[in-house]
Amino acid sequence: MIVDGWHQVPPAARGATVALGNFDGVHLGHVAVLRAAHAARPDLPLAALTFEPHPREHFRPHDPPFRLTLLPAKAVALAAAGAAFVFALPFDDAFAAMTAEAFVEEVLHKGIGAKHLACGADFAFGNRRGGDVAFLAREAERRGMGLTVVPPVHQGGEAISSTRIRRLLQDGYPDRAAEKLGRPWEVCGTVVHGDKLGRVLGWPTANMWLGRHLEPAHGVYAVTVALPDGSEAKGVANIGRRPTLGGDPETRLETFIFDWSGDLYGQEIGVRLVHFLRPDAKFAGLEALKTAIAEDERQARAALR
């Protein structure tokens, strides 16, 4: 359940043990914070507290999109990790100006009535990030709230972080990103109408815009697809701006779903990147493009076998 504020919290969501963070991607480090919150007070409901939009989006609105998970997908992943409630607090100018002490008193203590808190060692909050973990520990103790500080989760000799996962995706390593996420990275969105060229070529595709999602390496991927009916299919997808066809102003995600037919227009699907097959390329014409697509399909089927 998503709770989009702290002023009128449903009674069932009050008095929880609360994991704190941005939770972009809900990676294995984030899951460790949720587990620590639950382990400290297994008798209480487990909640996650995050911010929407991401503070970086608020302060730097003209940066390229960087989100690993938008709120609906983030809430699903947090629920899968055990959170019964997700507090998605609106991050605006007024919230950004709130002092660290006011955040603890008004939001955590009075607003949501947290009984226990858990966060990563680098958690910072309040106006100009004025509150750190030491401050939180003191202020929480004064109000009878417990605190668990969770050290970073390491994998392959490095700490798991959303920043590192973004870089892996931008460099074309979705498989390595998946190891840190605990699942394949997924773009969720609504299927839109394209120019129907894929149908003409023999590979009809489900088209989506990346929107506020991170833009990963352009190219062709072996993917799995979460369909609206809850089933999962396999496919091959291209992320790019279609240089062979003159280029697009926006990056699109085009997915050919294997051994499936139906109408997905206007419906939401999730495309999960499994293997990077090749970079985006410009071909001499449609025949060369068709040959390349056929080879992409063959390689994707083999990679997903």
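The values are calculated or read from the model by the stated rules, or taken from the named source; none is laboratory data. Please read all numbers here as calculations on a predicted model, not as lab measurements. Cβ atoms come from the backbone with ideal geometry, glycine included; neighbour counts cover every protein chain shown.
Residues in region 24-79 that are under 24 Å from LEU169 (Cα atoms), free of Cβ contacts under 8 Å to residues at least 40 places away in the same chain and outside any helix (DSSP H, G or I): THR50, PRO53, HIS54, ARG60, PRO61, HIS62, ASP63. For region 114-128, indicate whether the set of residues that are without any contact (Cβ under 8 Å) to a residue 12 or more places away in the chain and either of a type in the set (Gly, Ala, Ser) or under 21 Å from HIS275 (Cβ atoms) (or both) is non-empty. Taking every residue of region 114-128 in turn, at least one turns out to be without any contact (Cβ under 8 Å) to a residue 12 or more places away in the chain and either of a type in the set (Gly, Ala, Ser) or under 21 Å from HIS275 (Cβ atoms) (or both).
Checked against the criterion of being part of a loop (DSSP other than H, G, I, E, B), modelled with pLDDT of 90 or more and of a type outside the set (Gly, Ala, Ser), the candidates PRO228, PRO249 yield just one match: PRO228. Whenever a residue of region 276-305 is assigned by TED's automatic domain parsing to the domain that holds THR205, its partners that are exposed (fewer than 13 other Cβ atoms within 10 Å of the Cβ) and hydrophobic (A, V, I, L, M, F, W, C), lying with C-beta atoms within less than 9 angstrom and at least six residues away or across chains, give the pairs LEU286/VAL200. There is at least one residue in region 105-121 that is assigned by TED's automatic domain parsing to the domain that holds PRO152 and farther than 19 Å from ARG142 by Cα.
Filtering region 153-164 to residues that are at pLDDT below 95 and part of a loop (DSSP other than H, G, I, E, B) leaves GLY156, GLY157.
Specify the residue that is surrounded by the fewest Cβ atoms within 10 Å (Cβ to Cβ); the eligible residues are those in region 265-294 that are touching a Leu at 6+ places or on another chain (Cβ under 9 Å) and modelled with pLDDT of 95 or more. Residue satisfying both the conditions and the ranking: GLN267. Candidates in region 107-141 are the residues that are out of contact with any strand residue (DSSP E or B) (no Cβ under 7 Å at 6 or more places or on another chain) and in a loop (DSSP other than H, G, I, E, B); of these, the one that is nearest to ALA47 (Cα to Cα) is GLY113.
Every listed requirement among (1) buried (at least 16 other Cβ atoms within 10 Å of the Cβ); (2) without any contact (Cβ under 8 Å) to a residue 60 or more places away in the chain; (3) assigned to a loop (DSSP other than H, G, I, E, B) is met by GLY144 save one, (1). In the set (1) buried (at least 20 other Cβ atoms within 10 Å of the Cβ); (2) within 13 Å of LEU20 (Cα to Cα), the condition left unmet by ASP132 is number (1).
Given THR190, THR148, THR205, which one is in contact with a strand residue (DSSP E or B) (Cβ under 6 Å, 6 or more places away or on another chain), in the same structural domain as LEU273 (by TED's automatic domain parsing) and within 24 Å of HIS54 (Cα to Cα)?
On the way: THR148 fails: in the same structural domain as LEU273 (by TED's automatic domain parsing); THR205 fails: within 24 Å of HIS54 (Cα to Cα).
Criteria check complete, one pass: THR190.
Are there any pairs, at least 6 apart or on different chains, whose C-beta atoms fall under 8 Å, with the first in region 169-182 and of a type in the set (Phe, Trp, Tyr) and the second surrounded by 20 or more Cβ atoms within 10 Å (Cβ to Cβ) and modelled with pLDDT of 95 or more, and if so, which? Pairs found: TYR173/PHE276.
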